[in-house]
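Peer 1: The structure's right below; bear with me while I get my questions together.
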Amino acid sequence: MINIKQSEQVVYINLDDSGKLTKNEELCVYGGLVFLSKAEKDKFITQYRSIINDIKCKYCHKSICNNKCPEIKNTNIKPSDKRRLMNYIKKYYTVAVIIFNEKIYDYILENKPSKGRFIDYTLRRLIKEIIKYLININLIDPYKVVKIILNIDQQPTKSNGYYNLKEGIIEDLIHGICNFDYNSNYPPILYNNLIFILSYQNSTKSYVIQGADLLAGTIRKKGLMYIKKLNEINSILSFVNLKLYFPNTKKDHQS
């Protein structure tokens, strides 16, 4: 849970995905962790790494150790180890984008640029909701400089890609959006300079991305169990502090 008071207004957002935006899968999920200082981020890394070091040897099947440990991911982790890591992850502020693929228009699912733009839109919405929440609870002053560091898993072969994500986020937060087609206006929420850093990280070297991978996979697995019952999904995913559902406009925020 976010409870840090700080002088520098910096927000670390760390995201990974589970499932793809395709008609062959029911859910696409982005899960992530939010930190409000380098000290908080480093504390997470130190403890997460300690747990990984304690369990990693059981995932290595080599007869002679060469100190090249396999990455422990949502797809290969044992249930008991997953519970241990998730119990630690839940101590921090967690967020998610949950996309119901069957409700997405075919022209989006069948076109790579369209999929990329749709993913960008959902991530922009998520980041805006994170910043709005931090403003509402007085952890960010919108009239002072804000620094956002967005870390996303590096996936060179990703099918949908990211399209102008950085520019879109800055536009949303600093300038707002005016949609003439729908006669709607979304004003800015930050009124000073925004320093925005977008970093694509190798999950094998990033414990924050490994944590986001485990969170996203857990959310998707639980979500698939209740995909037809949105209220029950909310209940089963109550450990996630902020959830956005697409294309459903419902937002669920556990403070």
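The values are calculated or read from the model by the stated rules, or taken from the named source; none is laboratory data. All values reported here derive from a predicted model rather than from experimental measurement. Using ideal geometry, Cβ is built from the backbone for each residue, glycine included, and neighbour counts are taken over all protein chains shown. Surface areas here come from the heavy atoms of the whole protein model, side chains and all, with no ligands, DNA or RNA. Shrake-Rupley method; radii C 1.70, N 1.55, O 1.52, S 1.80 Å.
Peer 1: Out of 219, 233, 227, I need the residue that is in contact (Cβ under 8 Å) with a residue 40 or more places away in the chain and assigned to a loop (DSSP other than H, G, I, E, B). Which one?
Peer 2: On the way: 219 fails: assigned to a loop (DSSP other than H, G, I, E, B); 233 fails: assigned to a loop (DSSP other than H, G, I, E, B).
Exactly one residue qualifies, and that residue is 227.
Peer 1: Restricting attention to segment 73-99, and to residues there that are within 16 Å of the chain's Cα centre (by Cα) and assigned to a helix (DSSP H, G or I), which single residue is surrounded by the fewest Cβ atoms within 10 Å (Cβ to Cβ)?
Peer 2: 86
Peer 1: Can you tell me which residue is least open to solvent (accessible area, probe 1.4 Å) among those in segment 103-159 that are assigned to a helix (DSSP H, G or I) and more than 23 Å from residue 245 (Cβ to Cβ)? Outline the logic, then answer.
Peer 2: Taking segment 103-159 and keeping what is assigned to a helix (DSSP H, G or I), we get 103, 106-109, 112-136.
Then keep just the ones that are more than 23 Å from residue 245 (Cβ to Cβ); that gives 112-113.
Values: 112: 110, 113: 49 Å².
Taking the candidates together, the pick is 113.
Peer 1: Output yes when any residue across segment 239-250 is open to solvent by 60 Å² or more (accessible area, probe 1.4 Å), part of a strand (DSSP E or B), under 19 Å from residue 120 (Cβ atoms) and in contact with a Leu (Cβ under 9 Å, 6 or more places away or on another chain), and no when none is.
Peer 2: Within segment 239-250, none of the residues are open to solvent by 60 Å² or more (accessible area, probe 1.4 Å), part of a strand (DSSP E or B), under 19 Å from residue 120 (Cβ atoms) and in contact with a Leu (Cβ under 9 Å, 6 or more places away or on another chain).
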